[in-house]
Every structure is written in structure tokens, then in C-alpha cells.
Amino acid sequence: MSEGAMASATRLTPDELHGWLAGMLGDKRVLAAVDEDGLRVFRSVERADQIALPTGKTRWSPKEFLFARTETLFAYSVAGNEVTLDGAPVESAEQVLVGVRPCDAAGFLRLDAIFLDGDADSLYASHRVRTTVVTVACDEAGPECFCTAVGGSPASDKGSDVHLTRVADGWLVRPVTAKGDRLTASLAGVGRAPSPEEHAEAETQSTRVAGHIRQSAIAREWAAILESRFHLPLWETLGRRCVGCGICTYVCPSCSCFDVTDTGSASCGERCRSWDSCTFAAFTRHASGHNPRATQAARYRQRVLHKFSYFPLGHDGESMCVGCGRCVQLCPVGLNVRETVQAVVAAAADGHDAGG
Amino acid sequence: MPSAFQPHLARIVSTRDETPDVRTLRLAFVEPDVARRFRWEPGQFAEFSVFGSGESVFTMANSPTRPEYLECTMRAVGKVSGAIRSLSVGQVLGVRGPYGNRFPVETWRGKDLVFVAGGIGMAALRSPLQFVLDNRADFGDVVLLNGARSVADLVYKDEMAAWQDGGVRVIRTVDPGGEATGWDGEVGLLPHVFERLALGPDGRIVIVCGPPIMLHFMFLALEKSGFTPEQVVTTMENKMKCGIGLCGRCTIGRVFVCRDGPVFTWAQVRAFPKDF
């Protein structure tokens, strides 16, 4: 995918990079990682100097620009026995996400696998088609990072349209897709070809950052092992700590479960879809009161198995987890999905710890 | 193009109260074009909605061989079903679908059939039962075993005589203590009544729907009677929001009940993780 485009990388100075980014602001919505009250988040920016391309990742993933926290499906109005429905206007304004981390771009590919499979989700598809993703190779790894354990890499361009790599005194800019070619068309005549030293520097950085992520791999074969360990008593031990706050699902780049609800009155309002969480008791509770996942441990098991077993078994072994580590970092009770997976795999099938 | 979540509009043509809390709605699509295009198979379901209250999943209760209307039987237990119950004839609700797989009726040709329905589970079996009635010559001996807690809780009371006349042996039962004066049906739990009927497994398919506890004991009874898990078909229900395999809440392990079901053989159900 990226081999052919490799030759077309351009080396820009910081000023040239900002000139390129400033050029997008005229006709596109540009969303970039910004620091806001001590929190790093993706925000719509108006000026190129707001785009700092900071190291490290945002507090939560930028998935909300493809799969909104809440989105109107249609508006309804009821007058007597007549009902009128108005479909939500399809947003078509182009948007560019600047400074997306490889883990978050990998998350977009997971969302694609879910929402663009079979009965394509036209809302998601409409946001996907109008979005161009500019990724930045990581120049540092956080203690929570484990992308390399789930098939990712801090320099990966998977899910990217234009890939940036920081080098001494400048940037390497490389279009990855046709969308990326269009976004970088304005760079014709700008910058220069990277030197062999700069290519080597990018390579060294990639190796160095990957080396900082010292988490052992979550093997593809574990997906089937995990599924066979559904009844392991260890799930109860691990899962009973979960308080069901849902933070892991909200910050996750690939969590995509949603609710469909009406807001408004019986005479007018909107039907919306909103983020939901498999860690909530009400998620699966029937109207009768019966709940198939009656305990918090059962709900924690569902989240872990969906990421590391059910999804991979249906997607050529690819983990649904992209290893950003946010859920590990932000869990208020210290649950760690990576360690959970390892513990469940290490446990013997009878539920007792095999490894000692 | 409207999103997959935008429903068709359907008007309530008539309602019939089956029990104190179960009602059958007969619906006609507002748009004639939708009425022509909307086709379903026995066992499929749809999302029914009241604007301002939300959506809920119910099985199409009538057979595609009777396509003039869409019928739906629901118990008013939740927010949406309660709101649907409060609607009157002439009012409009939303319908999107049909969704899910279907009963494999073509594989039942020439076989003897037993429909076993507990409580509101009868609503999910009415469509395949009507399909069998409308193609009666294609099937062997057909028995309907329908049970409820009490006589008052039995649904489709007015239709049983016509089903009997159409060539279905109808056996109704109520739980002990649920009988009323003049009750001429059976008294006893469905698995017990099934065993008393002594219907052998040879050339027979059993179609079962009911609450989880009934299913559990029904499958034990079927096993005892020599039925294989492949001979038994059921339809499952789980909380659903999207109906199209996206929202993530109806899953049992890798299976999406909405997309891969709701119809499963007992052999499939036995292989599921115990997450339902």
C-alpha cells in the first residue's frame, strides 16, 4: 500500500508544513490535537498556529468525527393521525484530521470493518468519505502503549491518507492514498526530496519507539483459546472489580456499540443514535427484566472477548484492540485488558493458574 | 437516501386484545409502494416504533402468504410496547425491516411438525404456523401445543378453531392452578404435556418458542424423547437496537441474534456460550 508512495515523500521545513496546513483551512474543516485546559483533545481549528502536532496522544480517540457521540437519524413531527419524517441532512463538508496517532488510525480501520460491512451504514459511510486522515508517526511511547503487541507499530501508516514523520528541523510528508495525493497536491514545488540521512533517521526513530513498548505480543492464536475459556472462574475474580463506568468504551478507538433513542415529545423531536457501552447493565436488559449479562463480571468478559476473541475470529485474526492503552491508563479500578488476556490464556482450562 | 434507521410509516387498521396485557395490531403501510415492496419470511422480525418513545423489536405475527396486512402481537411490558398499546386505530407507527433469518420451512416438507409455544412465544410461531396451514398438503401430521400460565393468558383464542379445521391438531394447556371453570384443555407444564403426547422423533421437526425457563425444560424433555438437537428449531430474543448487526447488544459470543438469527437449531443454541 505504501511501498510505491515511499518515493514520493517530501521533506518540509516547519514553516512549509504550516503553510500547507494553513492552505487547508480555507475550504475544509480542520481538526487537530490541541491542549485545552490541560487536556489534549481533537478540536476544530481556525489558524495554522493552533496546529502544534504535539507528541503523545489525545485523551480520547478522534473516532467521534466518524461516529459521533450523538447523531440525529431523522426528525419526526406528529399531527393527529399524520406523521412526517425528515431525514437528517447528509453532511458533505470535507474534514481533515491532523495529527492522528497510528493506533487511532488503526481504530478507524476497525470501525470500517464494523460499519461498512454488509448492510453499509450510510451515516458512517458519509462521514468516512468526507474525511482525510493525516497521521503522525510517534516519536515517543507512553507507559500505557502496547500497539506492537496487537500488530500495530508507532510508525504505521495503516488507516492513514497522509503520513508525517518528524525529523531534525523538519517533517517528512508522504501521501498514502488517493485522498492523500489530493491533499498534498498543493505541495507541488514545495520542499525537497528527503536525504538518505533523513530516511535513516525516520527508520531509527521507528525502531527506537517500538523498542520502548515492552509489552509481549498478544498472539493471533489466542482468539480461539480465549473463546474456549468463557466459563473460566478467573473472569469473576477479574471482572468483579469493574464498576461499569464505561470509560474504557468511551475512550476506545474501536468501541462502536450504540443506542437508538428518541429525544423530544410525542408531537415533535428527533431519533438519535448515541454511544453506548457493553459495561452498562441496561445494555442487554430485556423489557421483562431478564438480563443475559446479569453481572458486572459477565459484562467485563464480554468487552475483553469482543476485542480479543469474537472480532478477531471473524476478521482474519486481527485484534479489535489497537493497543492505545487508554482504557488501561484511565480505568478507575486499575483493570488492564492486556494483563487480563494474558492471565486468561495462561490459566489452565480448569480455571487454575497453570504458569505459577 | 434515507438511512437504514428511518422507518416506513404504517397505520393501525385494527387492534385485538388477546389477554389483559397482550394486543395484536393489524397494520397497513401508508405508502402504497412500500406496501407492495415490504415482503417477509416466517420468523423474520422488524423494529416497530412510536415517535417520541422509541423502537422495539417484534416478530411479524402473520405469514407472508397473507400479505394484505402486517400483524404484530405484543405484550405491554416496556416503554415502547406500552406506548404502542396506547395508540388507537388510525394512528401511525414506524416499521423498519424485515430483519433476520427465517424458519427453514422448505426443509420441513413431508415431515411431521410439532409447534410448542409458551405464553407470548406463540406470537413468534403464528407466522410459520399460518404458512403451514396455507401450504397444508406439503406437510405431514401437524400438532400445536400451546401453553400459558392461565386460561386468561392464552393468545389467539379466536383462531384455534380455524387452525383445527385447517388440519392442525391443537392442544392447549395451562399451568396447574391456571384453569378456569369450563376449561376443557390440558392442565400441566408444556414439557410434561409434551411427554404425555408420546410423539416420537421419527420424521418429526419440533419448533419451540417460549421463556428461557420453559425452553430449558422443554429441551430436556425432547432429549429424553429421543429428539436430536438438529430436529429442534427455536427463535431467540435478545435486546436489540439496530436490527442489522451493528449496535452490539444482541450478541451471544460471536453470534448476532439479529443478523445470524433469530432462528437457530437447538444444536446451534447448545454450542453458544451461556450468555443469554
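The values are calculated or read from the model by the stated rules, or taken from the named source; none is laboratory data. Given the structure is predicted, the values throughout are model-derived calculations rather than measurements. Glycine also receives a Cβ, built like all others from the backbone with ideal geometry; neighbour counts cover every protein chain displayed.
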Only unsatisfied item for B:Ser88, checking (1) facing another protein chain (nearest Cβ under 10 Å); (2) crowded, with 20+ Cβ neighbours inside 10 Å; (3) part of a loop (DSSP other than H, G, I, E, B), is (2)
Which listed residue, of A:Cys278, A:Cys331, is out of contact with any Lys or Arg (no Cβ under 8 Å at 6 or more places or on another chain) and under 27 Å from A:Val260 (Cα atoms):
A:Cys331
Identify all residues within the range A:36-57 that are in contact with a strand residue (DSSP E or B) (Cβ under 8 Å, 6 or more places away or on another chain) and outside any loop (DSSP other than H, G, I, E, B); write none if there are none.
A:Glu36, A:Arg40, A:Val41, A:Phe42, A:Arg43, A:Ser44, A:Val45, A:Gln50
Look at the range A:64-89 and say how many of its residues are within 12 Å of chain B (Cβ to nearest Cβ), surrounded by 15 or more Cβ atoms within 10 Å (Cβ to Cβ) and not in a strand (DSSP E or B).
2
Residue check, B:Val95 outside the structural domain of B:Leu154 (by TED's automatic domain parsing) and touching a His at 6+ places or on another chain (Cβ under 7 Å):
yes
Considering residues that are crowded, with 22+ Cβ neighbours inside 10 Å and under 16 Å from B:Leu215 (Cβ atoms), the number found within the range B:237-248 is 1
Just a yes or no: is a residue in the range B:106-116 part of a loop (DSSP other than H, G, I, E, B) and under 27 Å from A:Glu82 (Cβ atoms)?
no
Strands (runs of 3 or more DSSP E) wholly inside the range B:1-63 containing at least 1 residues that are basic (Lys, Arg) and within 11 Å of chain A (Cβ to nearest Cβ):
B:8-19
Within the range A:217-244, how many residues are among the hydrophobic types (A, V, I, L, M, F, W, C) and part of a loop (DSSP other than H, G, I, E, B)?
7
May I ask you to list pairs of residues, at least six apart or on different chains, whose Cβ atoms are under 8 Å apart, with the first in the range A:279-307 being on the phi > 0 side of the Ramachandran plot and the second being surrounded by fewer than 16 Cβ atoms within 10 Å (Cβ to Cβ)?
none
Collect the residues in the range B:223-240 that are closer than 27 Å to A:Leu226 by Cα and either within 11 Å of another protein chain (Cβ to nearest Cβ) or out of contact with any helix residue (DSSP H, G or I) (no Cβ under 6 Å at 6 or more places or on another chain) (or both), keeping them in residue-number order.
B:Met236, B:Glu237, B:Asn238, B:Lys239, B:Met240
Residues of the range A:245-268 being more than 7 Å from chain B (Cβ to nearest Cβ), surrounded by 15 or more Cβ atoms within 10 Å (Cβ to Cβ) and not in a loop (DSSP other than H, G, I, E, B), in sequence order, are A:Ile247, A:Cys248, A:Thr249, A:Tyr250, A:Val251
Determine the pairs where a residue that is within 17 Å of B:Asp138 (Cβ to Cβ), located within the range B:159-170, has a partner that is exposed (fewer than 13 other Cβ atoms within 10 Å of the Cβ) with Cβ atoms under 7 Å apart, the partner being 6 or more residues away or on another chain.
B:Gly166/B:Arg136; B:Gly167/B:Arg136
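With the condition kept exactly as written, say whether any residue in the range B:65-79 is outside any strand (DSSP E or B) and either at positive phi or assigned by TED's automatic domain parsing to the domain that holds B:Lys157 (or both).
no
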Can you find, within the range A:90-129, the residue that is nearest to the other protein chains (Cβ to nearest Cβ) among those that are under 22 Å from A:Val176 (Cα atoms) and polar (S, T, N, Q)?
A:Ser126
Can we say B:Leu220 is away from chain A (no Cβ under 14 Å) and loosely packed, with under 15 Cβ neighbours inside 10 Å?
yes
Inspect the range A:233-244 for any residue being surrounded by fewer than 19 Cβ atoms within 10 Å (Cβ to Cβ), within 20 Å of the chain's Cα centre (by Cα) and under 26 Å from A:Cys145 (Cβ atoms) and give the result as yes or no.
no
Given the residues A:Arg293, A:Arg271, which is the only one that is buried (at least 17 other Cβ atoms within 10 Å of the Cβ), touching a Ser or Thr at 6+ places or on another chain (Cβ under 8 Å) and not in a loop (DSSP other than H, G, I, E, B)?
A:Arg271
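I'm trying to understand the selection: among the residues of the range B:91-105, which are more than 21 Å from A:Asn81 (Cβ to Cβ) and either among the β-branched types (Val, Ile, Thr) or outside any strand (DSSP E or B) (or both)?
Narrowing the range B:91-105 to residues more than 21 Å from A:Asn81 (Cβ to Cβ): B:97-105.
Those that are more than 21 Å from A:Asn81 (Cβ to Cβ) and either among the β-branched types (Val, Ile, Thr) or outside any strand (DSSP E or B) (or both): B:Gly100, B:Asn101, B:Arg102, B:Phe103, B:Pro104, B:Val105.
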Can you spot a residue in the range B:73-83 that is over 17 Å from A:Ser288 (Cβ atoms) and buried (at least 23 other Cβ atoms within 10 Å of the Cβ)?
no
Can you tell which of B:Pro229, B:Pro212, B:Pro191, B:Pro262 is touching a residue at least 40 places away in the same chain (Cβ under 8 Å) and either in the same structural domain as B:Ser81 (by TED's automatic domain parsing) or closer than 17 Å to B:Arg149 by Cβ (or both)?
B:Pro212
If we keep only residues of the range B:249-276 that are assigned to a loop (DSSP other than H, G, I, E, B) and surrounded by fewer than 22 Cβ atoms within 10 Å (Cβ to Cβ), then the residue farthest from the other protein chains (Cβ to nearest Cβ) is B:Phe272
Just checking, how many residues over the range A:201-224 are within 14 Å of chain B (Cβ to nearest Cβ) and surrounded by fewer than 18 Cβ atoms within 10 Å (Cβ to Cβ)?
1
Only one of B:Ala10, B:Ala61 is more than 16 Å from the chain's Cα centre (by Cα) and either hydrophobic (A, V, I, L, M, F, W, C) or farther than 26 Å from B:Val257 by Cα (or both). Can you tell me which?
B:Ala10
